[in-house]
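Right, one structure below, let's go through it.
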Amino acid sequence: MLDYDVVVIDTGINTNHQLIKKNKIEGISFLSFQIENDILDEIGHGTAVYSIIRGHDDLCTIFNIKAFQKNKIYLEENELLLILTYIYNYINCRFINLSM
């Protein structure tokens, strides 16, 4: 089981952003009920949330789950349950951030 302080469920993260690129970024994408490695943030919100959390605690470990993108800015109940089940089964974390 993976250990993190925070799991962020949002729009992903822009790993090339000047505030982010020096950090080790970890995460997955949960779009269309499939787990993928593409966590590129097309909107910017997930990157902003990551930056805010990192700004308050630069030592916390953060795992990013991309659940939204430009053409899909909502989650169905069953999609959220699938993501939360994945976290429960595979990630040990202290907090889950849901910007909904």
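The values are calculated or read from the model by the stated rules, or taken from the named source; none is laboratory data. Just so it is clear, the model here is predicted, and its values are computed rather than measured. All Cβ positions, even for glycine, are placed from backbone atoms using ideal geometry, and neighbour counts span all protein chains on display. In case anyone asks, the SASA skips ligands and DNA or RNA and just uses the protein heavy atoms, side chains included. Shrake-Rupley method; radii C 1.70, N 1.55, O 1.52, S 1.80 Å.
What are the chymotrypsin sites (Phe, Trp or Tyr not before Pro) within the range 38-88 that DSSP puts in a loop, where the Cβ has at most 16 other Cβ atoms within 10 Å?
Passing both the DSSP loop test and the Cβ count: 74.
Given 0.36 nm per residue, what is the gain on full extension from residue 25 to residue 98 after removing their alpha carbon distance, in nm?
On the way: separation 73, 0.36 × 73 = 26.28 nm, distance 1.82 nm.
Working it through step by step, the gained length comes to 24.5 nm.
Divide by every residue of the chain the summed helix terms, -39500 (n - 2.57) for each DSSP H run of at least 4, and state the resulting mean residue ellipticity at 222 nm, rounded to the nearest 500 deg cm²/dmol.
When only DSSP H runs of four or more count, the value is -8000 deg cm²/dmol.
Loop only by DSSP, 15 or fewer other Cβ within 10 Å of the Cβ. Give me the trypsin sites (Lys or Arg not before Pro) in the range 7-100 that pass, ordered by residue number.
Those satisfying the criteria are 21, 22, 24, 70.
If you roll a 1.4 angstrom probe over the protein chains with everything in place, what fraction of the accessible area of the range 1-85 belongs to carbon and sulfur, to the nearest %?
On the way: 2580 of 5000 Å².
Of all accessible area on the range 1-85, carbon and sulfur atoms account for 52 percent.
Suppose every K and R has +1 on its Cβ and every D and E has -1 on its Cβ; what is the size of the dipole of the chain about the Cα centre, in Debye to the nearest 20?
280
If I take all pairs of Cα atoms in the range 1-43, what percentage of them are more than 13 Å from each other? Before the final figure, lay out each step's value.
Details: 543 of 903 pairs.
More than 13 Å apart: 60 percent of the Cα pairs in the range 1-43.
I want the local charge near residue 48. Using Cβ-Cβ distances under 12 Å, sum +1 for each Lys or Arg and -1 for each Asp or Glu among the other residues.
-1
With the crude spin-label approximation of a point 7 Å out along Cα→Cβ, what separation in nm comes out for residue 45 versus residue 82?
Output for this residue pair reads 1.9 nm.
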